2 protein chains.
Amino acid sequence: MAIQKPSIPKGTRDFGPVEMSRRNYIFNTIKNVFRLHGYAQIETPAMETLDTLLGKYGEEGDKLLFKILNSGNFLDEIDHSSLIPKENVTELIYKLVEEVFLAKDMKPDGFRFASEKDRKDVNSFIISGIISSFSLNHLAHEISEKGLRYDLTVPFARFVVQHQHEIEFPFKRYQIQPVWRADRPQKGRYREFYQCDADIIGSNSLLNEADLLQIIDEVFTLLGIRVKIKLNNRKILSGIADYIGQPDKITDITVAIDKLEKIGAEAVNQELQNKGVSVQAIYKLEPVFAIGGSNAEKLADLKKLLQVSHAGIRGIEETETLIAMLNTLNLKSEVEIDISLARGLNYYTGSIIEVKALDVEIGSICGGGRYDDLTGIFGLKDISGVGISFGADRIYDVMEQLRLFPSETAESARVLLVNFGEKEALFCLSLLNKLHTAGIATELYPDAAKLKKQLSYADAKKVQFVVMAGENEIREGQLTVKNMVSGEQVKVIPEDLVKLVS
Amino acid sequence: MAIQKPSIPKGTRDFGPVEMSRRNYIFNTIKNVFRLHGYAQIETPAMETLDTLLGKYGEEGDKLLFKILNSGNFLDEIDHSSLIPKENVTELIYKLVEEVFLAKDMKPDGFRFASEKDRKDVNSFIISGIISSFSLNHLAHEISEKGLRYDLTVPFARFVVQHQHEIEFPFKRYQIQPVWRADRPQKGRYREFYQCDADIIGSNSLLNEADLLQIIDEVFTLLGIRVKIKLNNRKILSGIADYIGQPDKITDITVAIDKLEKIGAEAVNQELQNKGVSVQAIYKLEPVFAIGGSNAEKLADLKKLLQVSHAGIRGIEETETLIAMLNTLNLKSEVEIDISLARGLNYYTGSIIEVKALDVEIGSICGGGRYDDLTGIFGLKDISGVGISFGADRIYDVMEQLRLFPSETAESARVLLVNFGEKEALFCLSLLNKLHTAGIATELYPDAAKLKKQLSYADAKKVQFVVMAGENEIREGQLTVKNMVSGEQVKVIPEDLVKLVS
């Protein structure tokens, strides 16, 4: 076999020991908080049927699905004749004869071409004719029925519907698994990445939102990342659209509010006009643009403006209730009502949540919201849910930039037993056994390499203690133990080793 | 959108909360032992290039790879003309004219067919001609360049070569990730399943084998599964083939030894004869078939027989050394030399390891061995390694059959706070906060549902304590706490709650 220069698909990553222990540190922190709040873990398959996946993420999303070729000799099993519509062939023959044979005045006289050029012309005519009648989209459908999951939300909805009779509602689940997107890879954007989701499904109560916001607060406090939690409610956005009399322009209005700070009121108004929002409506938006101050002030202002909208009032009340709960919970992170927040607008029906790191510019590191009909598409109606998703990769980047990883995250043995040769190694095996029994991560260097090499191995792996049991040590019944951090070296009898390195 | 009945691809599985906590129990036990022995975790992408995967698992294995369609409008980007070799088109036209047009005496007179039947004949002739010249294998190559990983060994070899300059050798790594195989699904065989691998690469020492055997012993002892560890050495198998003068028949001989107990010596000899093993060689095998008794007796017998074979002697010596190490380590599981053990014969070059559960019939639940040139295919020569792989799914089945899962593996909250209404819930939020701060997994039921419903929720989720803070309790400053296991109900002041449920 030829030797290959190894590589991995673009947009994917290998994680070595140091990265893994840091990633585990993040995942374990999140998991522990999820569990503390009573969420139970589930896992779903990497592959879902295309029926489950297609049409859930918009046209753009469909294009970003990784599709899996049907297994087996699928190419042999295809009905080949379906690839070329029969009508096209008849058409092809007509054209062949009329445009080529007749035009060139070629007679089928044992069918020899008059010249090599004629032969090529006919060839390329037929080839292009065949090619243009290929129905390769049909082929795509026949050769793939499965795709890799694109997020954890749709598989969760599928799971809930499929297992609805085994599930105790309200169902609090968490799920930490990779997802795959055929996005163009770039800095911080990968084709395989982990999502860490928690959702409660089957309850309308705002206590669920409070629970998730508390989880967010606890996770980032434990990780040492200072964050601002932004909060909005889809019903407030509907209320604003109702209030200015353009309920159909809710998306454009939200985008406009979001751009206000960056491009100013004049430019925003121009954009809205271009999008078909009436001058009168834009005029009415002015007091909305002016909303500011504390959360209480924002809610008071909104209350005055959105009296006309039933949805708007509901959204304000929900947000008031939620803020009151959060006050009881004493969150460490600041929670700010932000009426420009609109992530997943077509998806969320109530609260909208987004988390920004205060000390690093990096986009949102966690987000979520309430959805009232996630499972409807799979046949289970009227089940309301609310969920959040932590972006592990961005959290990793933030922690690395702020040097927040504890130094012990480099997973490694605590003790290395030096290997001085066959006899000494055999002696060390019983030490190894004792240390393992005491729960102390320990390695015996497998080869009788030079001491320098073994010490540099211990150093590279950040081992804390190196134990030397050479011929002399064994005879004298004393081990030499070197503390790799302090450089200190002491002698101990084997019986005291466990105590010394604990 | 139409409502879909949700399902998952065949051979894949969802894991609900109970299964997940049991699976986590197995994975965590294995992980902790790996770490105790100084193995560091790595992860590789789910997708590898087909260059990395193809040709590593034999012809059968290649067919079992799940291939991923190239993303984007790959069908538009294909060079369509490459699908049909040009020569075939010329051929096609000749035949078209000679066999159809001339044979039917059809003249291209504005080209109308004499009858509908003629039209159909010509159509089907062309279609079948086109189809037979399709080069769909070529197509398969153009539309897929990636596959899902089939095991963790090849990605590990690729990882080692790709990151050789960042790695400290000997490199001890563990990896716990799913793999995918397009096998026909059946009981106990899935298309997505987890492997738990530990390998040491870059050291020839038998201490590594001893280390891995100790890991096996510790893992199964911790899980409570009684096992027998079977041990062989590829060099002993080579020695036997050398000894009978048929080094090319090593596979047939090993298969024969394996069948001895089941079908008897006569039938085995007949089979060997059919495979082309000489009568003289079969005669010489007799004392090999007779090998039995203790490990020491087996090694002594082999030593006498295999004097002629350099490889055989090496294999015996290696096994003796390893057995001596294991005696020092005092394993709890029985280790038995089994010269019929031949898993991965084309792959392993030294020790071969297999683990069987003693109390359940289920095939091997762990296996491994030494390989001397795993990384050679990726361009890094002469790196010896040894590894083991735990079969998580079979271990799960064994543990379920023997009822070995601890009852606490059902991951759940310890405390449920009953929700009696808006005011009471707000009061409970501060209790919730205290319990969380104390590290006690606690939920507040999100809706003010009937008490019976909330209690049955607590029951289903195996919550241990239910805390009731109704109007009276709040006024009196006393909480009612129900122990769901004993049924006992007590009153406590809020300050004592944490202590009571800890």
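Contact list please: Cβ distance under 7 Å, first residue in segment B:417-434 and acidic (Asp, Glu), second residue buried (at least 22 other Cβ atoms within 10 Å of the Cβ), pairs at least six apart or on different chains.
So the pair list comes out as B:Glu424/B:Ala469.
Quick check on my filter: what residues within segment B:1-46 are more than 7 Å from chain A (Cβ to nearest Cβ), β-branched (Val, Ile, Thr) and within 16 Å of the chain's Cα centre (by Cα)?
Correct list: B:Ile26, B:Ile30.
Of the residues that make up segment B:377-390, is at least one assigned to a helix (DSSP H, G or I), over 20 Å from B:Ile216 (Cα atoms) and in the same structural domain as B:Gly224 (by TED's automatic domain parsing)?
Yes - at least one qualifying residue is present in segment B:377-390.
Going through B:Ser340, B:Ser333, B:Ser351 one at a time, which residue ends up being at pLDDT below 95 and touching a helix residue (DSSP H, G or I) at 6+ places or on another chain (Cβ under 7 Å)?
Criteria check complete, one pass: B:Ser340.
Assess whether A:Gly239 counts as being away from every other protein chain (no Cβ under 14 Å), open to solvent by 40 Å² or more (accessible area, probe 1.4 Å), touching a Lys or Arg at 6+ places or on another chain (Cβ under 9 Å) and not basic (Lys, Arg).
When the stated conditions are applied, A:Gly239 does not pass them.
Among the helices (runs of 4 or more DSSP H) confined wholly to segment B:230-321, which include 3 or more residues that are in contact (Cβ under 8 Å) with a residue 60 or more places away in the chain and either in contact with a strand residue (DSSP E or B) (Cβ under 6 Å, 6 or more places away or on another chain) or within 22 Å of B:Glu209 (Cα to Cα) (or both)?
Result: B:234-243.
Given (1) within 14 Å of B:Leu237 (Cα to Cα); (2) in contact with a Lys or Arg (Cβ under 6 Å, 6 or more places away or on another chain); (3) of a type outside the set (A, V, I, L, M, F, W, C), identify the lone condition not met by B:Glu334.
Just one mismatch for B:Glu334, condition (1).
Assess whether B:Glu476 counts as being open to solvent by 20 Å² or more (accessible area, probe 1.4 Å) and among the acidic types (Asp, Glu).
Spelling it out, B:Glu476 is indeed open to solvent by 20 Å² or more (accessible area, probe 1.4 Å) and among the acidic types (Asp, Glu).
Please determine whether any residue of segment B:419-434 is under 30 Å from B:Arg22 (Cβ atoms), at pLDDT 95 or above and more than 9 Å from chain A (Cβ to nearest Cβ).
There is no residue in segment B:419-434 that is under 30 Å from B:Arg22 (Cβ atoms), at pLDDT 95 or above and more than 9 Å from chain A (Cβ to nearest Cβ).
How many residues are assigned to a loop (DSSP other than H, G, I, E, B), surrounded by 15 or more Cβ atoms within 10 Å (Cβ to Cβ) and in contact (Cβ under 8 Å) with a residue 60 or more places away in the chain if we restrict to segment B:327-375?
Matching residues across segment B:327-375 total 14.
Could you count how many residues in segment B:420-461 are surrounded by 15 or more Cβ atoms within 10 Å (Cβ to Cβ), of a type in the set (A, V, I, L, M) and closer than 20 Å to A:Gln214 by Cα?
Matching residues across segment B:420-461 total 9.
Name the single residue that is nearest to B:Phe15 (Cα to Cα) among those in segment B:193-233 being among the small types (Gly, Ala, Ser) and either more than 10 Å from chain A (Cβ to nearest Cβ) or open to solvent by less than 10 Å² (accessible area, probe 1.4 Å) (or both).
Here the residue is B:Gly224.
Of B:Val279, B:Val268, which residue is over 24 Å from B:Ile365 (Cα atoms), of a type in the set (Val, Ile, Thr), surrounded by fewer than 18 Cβ atoms within 10 Å (Cβ to Cβ) and modelled with pLDDT under 95?
B:Val279
Can you report the number of residues in segment B:55-70 which are more than 10 Å from chain A (Cβ to nearest Cβ) and in a loop (DSSP other than H, G, I, E, B)?
1
So A:Pro287 ticks every box in (1) in contact with a Gly (Cβ under 8 Å, 6 or more places away or on another chain); (2) open to solvent by 20 Å² or more (accessible area, probe 1.4 Å) but one. Which box is left unticked?
(1)
Please enumerate the residues belonging to segment B:158-193 that are under 22 Å from the mean Cα position of the chain (by Cα), charged (D, E, K, R) and not in a helix (DSSP H, G or I).
B:Lys172, B:Arg173, B:Arg181, B:Asp183, B:Arg184, B:Lys187, B:Arg189, B:Arg191, B:Glu192
Keeping to segment B:479-502, report how many residues are in contact (Cβ under 8 Å) with a residue 60 or more places away in the chain and open to solvent by less than 80 Å² (accessible area, probe 1.4 Å).
4
The values are calculated or read from the model by the stated rules, or taken from the named source; none is laboratory data. The structure displayed is predicted, hence computed values, not measured ones. With ideal geometry, Cβ positions are generated from the backbone for all residues, glycine too; neighbour counts draw on all protein chains shown. These area figures cover heavy atoms from the full protein model, side chains too; ligands, DNA and RNA do not enter into them. Shrake-Rupley method; radii C 1.70, N 1.55, O 1.52, S 1.80 Å.
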